[in-house]
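Student: Sharing a structure below in structure tokens format, with a few things to ask.
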Amino acid sequence: MKHSLILIAFFSFSIGLSAADDKSKEMQMPEIFISGDADKGSQLVESCVACHGVDGNSISTDWPKLAGQNQKYLLEQLKHFRDEERNNVLMMAVIPYLKTLSDKDLLDIAAFYSSYNATVGQARNDEELLSLGTQLYRFGNMKEQIPACTSCHGVYGQGNNLAGYPAIAGQQIGYLTSSLKAYRSKERNAGESSLVMQSIAENLTDNEIDALANYMHGLYQ
């Protein structure tokens, strides 16, 4: 009888460990990102066209290109704007409209812009500026605690879809410059990734920001 009780206890303990292990594995499983519906998104972007273009390729240097951007990043940023966690004077007029949209609507908008290709940019032909931009983007500056941009944004600026790190290849120079400066001043602080960018941008000079913006604008696959 004593041996039977020991076996039952051991068996129960083993099941408990197995269940706990299964639960632990479930918690560690990465969240599966489900794409939005680009067709539905096309019906929700009328308010976006004036600044971002019909296909997400803006014509103004101050307005970001959304074409080809990964859905996860776009969705997160749209949520930040809608929930007034991210502030930008150029987006103020559209926030009331965003507040009428659900998370699914925002995902569909993200899918719509993601379905297009970003136009190619042309870096300014300044040898010194290009050299500095190339060095910082590809290798960083460890002395100043500036990591290589390639670690998050990819060698060709394609970003990281799974992590939600944005593609920056061909992005508008004015937008890249203002974004890096907003990170440096900590004005842009919405989301966990902003903390990473703040820690990097705080070590960048104006000249280094200009060099990076110029390089990334002309970067493409």
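Student: Dividing the convex hull volume of the alpha carbon atoms of the stretch 83-169 by its residue count, what do you get in Å³ per residue?
Tutor: That works out to 162 Å³ per residue.
Student: Given the chain, what count of lysine pairs have C-alpha atoms under 24 Å apart, with each pair 8 or more places apart or on different chains?
Tutor: 21
Student: Going by average Cβ density within 10 Å per residue, which order do the peptides 111-122, 50-61 take, highest to lowest?
Tutor: The peptides rank, most packed first, as 111-122, 50-61.
Student: Could I ask something else about it? Please give the peptides 164-173, 123-132 ranked by average Cβ packing (other Cβ atoms within 10 Å per residue), highest first, as a rough proxy for protection.
Tutor: Averaged packing, sorted descending, gives the order 164-173, 123-132.
Student: Mind listing the long-range amide H neighbours of I146? Cut-off is under 5 Å, sequence gap 5 or more, other chains count too, H placed in the peptide plane at 1.01 Å from N.
Tutor: N141
Student: Of the labelled options (1) 175; (2) 125; (3) 189, which one gives volume of the Cα convex hull per residue in Å³ as computed for this structure?
Tutor: Step by step, volume of the Cα convex hull per residue in Å³ for this structure corresponds to label (1).
Student: Report the normalised scattering of the stretch 127-217 as log10 I(q)/I(0) at q = 0.11, 0.22, 0.24 Å⁻¹, calculated by the Debye formula with identical scatterers on the alpha carbons.
Tutor: Evaluating at q = 0.11, 0.22, 0.24 Å⁻¹ gives log10 I(q)/I(0) of -0.26, -1.18, -1.43.
Student: A further question on this structure: Kindly state, as a whole number, the per residue volume in cubic angstrom of the convex hull around the alpha carbon atoms of the stretch 28-133.
Tutor: 151 Å³
Student: Something else about it: Quick one: check the C-alpha center-to-center distance for the stretch 78-118 versus the stretch 129-206, whole angstrom.
Tutor: First find each Cα centre; the distance between them is then 22 Å.
Student: So what's the back-of-envelope 222 nm ellipticity for the chain, counting only DSSP H runs of four-plus at -39500 (n - 2.57) apiece and dividing by all residues, rounded to 500?
Tutor: Calculated at 222 nm, the ellipticity per residue is -15500 deg cm²/dmol.
Just so you know, all these numbers are worked out from the coordinates, no wet-lab data involved. None of the values given here were measured: they were computed from a predicted structure. Every residue, glycine as well, gets a Cβ built from its backbone with ideal geometry; the counts of neighbours run over all protein chains shown.
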